[in-house]
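**Student:** Below are the structure tokens for one structure; questions will follow.
The values are calculated or read from the model by the stated rules, or taken from the named source; none is laboratory data. Being a predicted model, the structure only gives us computed values, none of them experimental. Here the Cβ positions follow ideal geometry from the backbone for every residue, glycine too, while neighbour counts run over all protein chains shown.
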Amino acid sequence: MMKEVIVIGGGVIGLCSAYYLVKAGHKVTVIDQSSMDGGASFVNAGYLTPSHIIPLAAPGAVKQGIKWMFNASSPFYIKPRLDKSLFEWAWAFNKSCTKENVNKSIPVIKDINLLSARLFSEIKQEEGFNFHLKNNGLLVLCQSEKMLEEEIHIARIAAAEGLEVKEISKSNIPNIEIGAKVEAVGAVHYACDWHSTPHEFMNDLQSWLKAEGVQIFKNEQITTLEASQD
């Protein structure tokens, strides 16, 4: 049965939700408070990461996290403030940083990342979108033996999960990155990873949704939600 659905937020999650709702036969409206031509969904590396299977809440993360928390450019920056809920969250995060939780999370994270890459590929093929999408993998160059040891450890976990991974010696790096001058003691190549162009994907998706009759309201903010039995 067709339903009328409003999607609040026109980022990549919102537009992809609208896409699959339309595919399921529903009438969809998208509302976003921005002009929907910038932000994280448009400006990011476009990197699809099946190789990133280790959760942030891992043993040792708290020590590194403390360093990152006060660096505004880090992936774990939290604005320092006296906030009871922040301390409660930090305590719960710390308790989650166990080897047992990491081992439980790895296959779940892997499956989600592989599914994401597959769905991007399916959308591109089915709709004839023009955004760039290539499965060229990721080459991780290590400039110290310690870095290489840590990356190989992760690579072997990924390989045990069935991901395509290859350890690259220093002498073989030029065979992978032909013509590039790099300083590294070794590398790991994750053939499972993909790269895309996010801004093109978002523009393709907006055009498709409009063509399918989806109403998109930009620069509109939702301030109140009211529930009823209707």
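**Student:** Looking at the stretch 172-221, which of the residues that are in a loop (DSSP other than H, G, I, E, B) and of a type in the set (A, V, I, L, M, F, W, C) is surrounded by the most Cβ atoms within 10 Å (Cβ to Cβ)?
**Tutor:** Per the stated criteria, the residue is Cys192.
**Student:** Restricting attention to the stretch 65-116, report how many residues are assigned to a helix (DSSP H, G or I), farther than 28 Å from Ser17 by Cα and modelled with pLDDT of 75 or more.
**Tutor:** 18
**Student:** Looking only at the stretch 146-170, how many residues end up being under 22 Å from Asn103 (Cα atoms), among the basic types (Lys, Arg) and not in a strand (DSSP E or B)?
**Tutor:** The qualifying residues number 1.
**Student:** Next question, about the same structure. List the number of the failed condition for Leu119; all other conditions in (1) more than 20 Å from the chain's Cα centre (by Cα); (2) surrounded by fewer than 17 Cβ atoms within 10 Å (Cβ to Cβ); (3) part of a helix (DSSP H, G or I) hold.
**Tutor:** For Leu119, the exception is condition (1).
**Student:** Of everything in the stretch 173-203, what is more than 21 Å from Asn135 (Cβ to Cβ) and more than 23 Å from the chain's Cα centre (by Cα)? Give them in sequence order.
**Tutor:** Pro174, Gly179, Lys181, Val182, Glu183, Ala184, Val185, Gly186
**Student:** Only residues in the stretch 46-59 that are over 14 Å from Val140 (Cβ atoms) and at pLDDT below 90 count as the first member; pair them with residues that are polar (S, T, N, Q) and part of a loop (DSSP other than H, G, I, E, B), Cβ under 8 angstrom, at least 6 apart or cross-chain, and list the lot.
**Tutor:** Partner pairs satisfying both residue conditions: Pro59/Thr98.
**Student:** If the Cβ limit is 8 Å and pairs must be 6+ apart or interchain, which residue in the stretch 207-230 that is touching a residue at least 24 places away in the same chain (Cβ under 8 Å) and of a type in the set (A, V, I, L, M) pairs with which residue that is exposed (fewer than 13 other Cβ atoms within 10 Å of the Cβ) and not in a strand (DSSP E or B)?
**Tutor:** Correct list of pairs: Ile216/Lys210.
**Student:** For Ser144, work out the one condition from (1) hydroxyl-bearing (Ser, Thr, Tyr); (2) modelled with pLDDT of 95 or more; (3) exposed (fewer than 12 other Cβ atoms within 10 Å of the Cβ); (4) outside the structural domain of Glu122 (by TED's automatic domain parsing) it doesn't fulfil.
**Tutor:** Looking at each condition in turn, Ser144 falls short on (4).
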